[in-house]
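Working notes, beginning with the structure itself.
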Amino acid sequence: MDSAFYYHGLTDVIPDEFHIATDKHAIYINDKRVHQYYVLSDLLEIGVTTMERRDATIRIYDKERMLIELLRFKNKFPFDYYKEIIGNYRNLIYDLDIERIQDYAETFPRSKMISDALEMEVF
């Protein structure tokens, strides 16, 4: 989450930990520098892309998937942090693949809530 928002330039807040999504059946990563998110197997690969970062290639969710995640977990973020990121998404709206966002939204649980939030807060 936070790592992807930072790497995509949606926030200038440098995360204290690496935020990593793993399959819900994955073994716990015992490292204080890692915040592990367990994701349902059928949702794990949706929106995965690669990015070059400091001479390394990393797997990361695309901006469209991260928008869905932002809306899904809106209440888990500090209000100012959420507003910063959603504001940056509004600035990028013409660079985003809207059809992909809508496809992603339909795939996730609580798709109606996600679609409503997209309409009210981003589009």
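Here, each number is a calculation from the coordinates, and none is a lab measurement. Please read these numbers as outputs of a predicted model, since none were measured by experiment.
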Legend entry - Residue-wise HN-Hα coupling along the range 35-42, computed from phi with Karplus coefficients 6.51, -1.76, 1.60 (Hz; x: Gly, Pro): 10, 9, 10, 8, 10, 4, 3, 6
Legend entry - Debye log10 I(q)/I(0) for the chain, one point scatterer per Cα, at q = 0.10, 0.11, 0.17 Å⁻¹: -0.30, -0.37, -0.92
Legend entry - Under the Karplus curve 6.51 cos²θ - 1.76 cosθ + 1.60, θ = phi - 60°, whole-Hz ³J(HN,Hα) for the range 59-64, x wherever Gly or Pro sits: 8, 8, 6, 5, 4, 5
Inset, instruction - Could you state the angle between the C-alpha long axis of helix 98-107 and the longest principal axis of the C-alpha atoms of the chain, as a value from 0 to 90 degrees rounded to the nearest 10? - result: 70 degrees
Inset, instruction - Would you please give the residues with an amide H less than 5 Å from that of Tyr61, counting only those at least 5 places away or on a separate chain, with H modeled from the backbone geometry? - result: Thr49
Legend entry - Percent of beta bridges antiparallel (DSSP, the chain, rounded to nearest 5): 50 percent
Legend entry - For Glu17, residues with placed amide H under 5 Å, excluding near neighbours: none
Inset, instruction - Please give the contour-minus-distance gain from Thr49 to Leu92: 0.36 nm per residue of separation, less the Cα-Cα distance, rounded to one decimal in nm. - result: 13.6 nm
Inset, instruction - Considering Cα pairs under 8 angstrom that are at least six residues apart, work out the relative contact order of the chain and quote it in whole percent. - result: 21 percent
Legend entry - Rounded to 10°, Cα long-axis angle of helix 79-91 versus longest principal axis of the chain: 60 degrees
Legend entry - Structure-based [θ]222 nm, the chain - -39500 (n - 2.57) summed over DSSP H runs of at least 4, per residue, nearest 500: -12500 deg cm²/dmol
